[in-house]
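Asks: Below is a structure I'd like to ask you about.
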């Protein structure tokens with residue numbers, strides 16, 4: 001099984017939050033963990049925001065950044081291509097998704113269509129999860 005993590009799911013692999021245990025369990029079972037290239041920027045932005053809002057977390061966040069840097073090359077990275085952004089534009093309209101959510105979905109969909117094994121899409125946005133289900137993806141989330 002390929003576990004495709006949007007940024008909200010990816011962060012749960014590094015910071016203990018609600019549903020972190022579920023994501024860890026699926027990550028352990030997965031043959032491959034995949035992410036979109038944009039997850040890097042989104043994750044770093046989320047971590048920076050956490051430090052701004054909770055300066056006491058600075059040291060813990062730096063540990064997470066270091067671990068993410070170490071792990072990044074082990075993920076299957078879906079590159080953001082023109083075809084993906086065009087599909088994302090359609091998904092944004094069809095499913096009323098935010099920009100990066102639609103890119104995440106289009107990246108997962110491209111991987112799903114090209115992979116020979118089952119793909120499970122992990123996200124924690126209700127609208128994004130519903131869209132993934134409409135596209136026939138198995139999902140994990142709230």
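Here, each number is a calculation from the coordinates, and none is a lab measurement. The structure displayed is predicted, hence computed values, not measured ones. Note that each Cβ is placed from the backbone with ideal geometry, even for glycine, and that neighbours are counted across all protein chains shown.
Asks: Suppose the filter is within 10 Å of the chain's Cα centre (by Cα), within 23 Å of residue 99 (Cα to Cα) and outside any helix (DSSP H, G or I); does residue 10 pass it?
Replies: Answer is no for this residue.
Asks: Okay, next question. Which fully enclosed strands (runs of 3 or more DSSP E) of the stretch 67-142 have 3 or more residues being crowded, with 18+ Cβ neighbours inside 10 Å?
Replies: Ranges flagged: 119-122.
Asks: For the stretch 122-136, enumerate the residues that are farther than 17 Å from residue 7 by Cα and touching a strand residue (DSSP E or B) at 6+ places or on another chain (Cβ under 7 Å).
Replies: Across the stretch 122-136, the qualifying residue is only 133.
Asks: Another question, then. Restricting attention to the stretch 24-33, which residues are surrounded by 15 or more Cβ atoms within 10 Å (Cβ to Cβ) and in a helix (DSSP H, G or I)?
Replies: Hits for the stretch 24-33 are 26, 27.
Asks: Follow-up question, since we're still on this one. On the basis of being free of Cβ contacts under 8 Å to residues at least 24 places away in the same chain, under 17 Å from the mean Cα position of the chain (by Cα), surrounded by 11 or more Cβ atoms within 10 Å (Cβ to Cβ) and part of a helix (DSSP H, G or I), does residue 61 make the cut?
Replies: No.
Asks: Which numbered condition trips up residue 21, out of (1) in contact (Cβ under 8 Å) with a residue 40 or more places away in the chain; (2) in a helix (DSSP H, G or I)?
Replies: Only one criterion in (1) in contact (Cβ under 8 Å) with a residue 40 or more places away in the chain; (2) in a helix (DSSP H, G or I) is unmet by residue 21, namely (1).
Asks: Among the residues of the stretch 53-71, which ones are touching a helix residue (DSSP H, G or I) at 6+ places or on another chain (Cβ under 7 Å) and under 16 Å from residue 10 (Cα atoms)?
Replies: 61, 64, 65, 68
Asks: Could you grab me the full set of residues in the stretch 35-45 that are under 21 Å from residue 127 (Cβ atoms) and outside any helix (DSSP H, G or I)?
Replies: Listed by number, the residues that qualify are 35, 36.
Asks: Please pick out the residue among 122, 43 that is touching a helix residue (DSSP H, G or I) at 6+ places or on another chain (Cβ under 7 Å) and in contact (Cβ under 8 Å) with a residue 40 or more places away in the chain.
Replies: Just a single option satisfies the conditions, and that option is 122.
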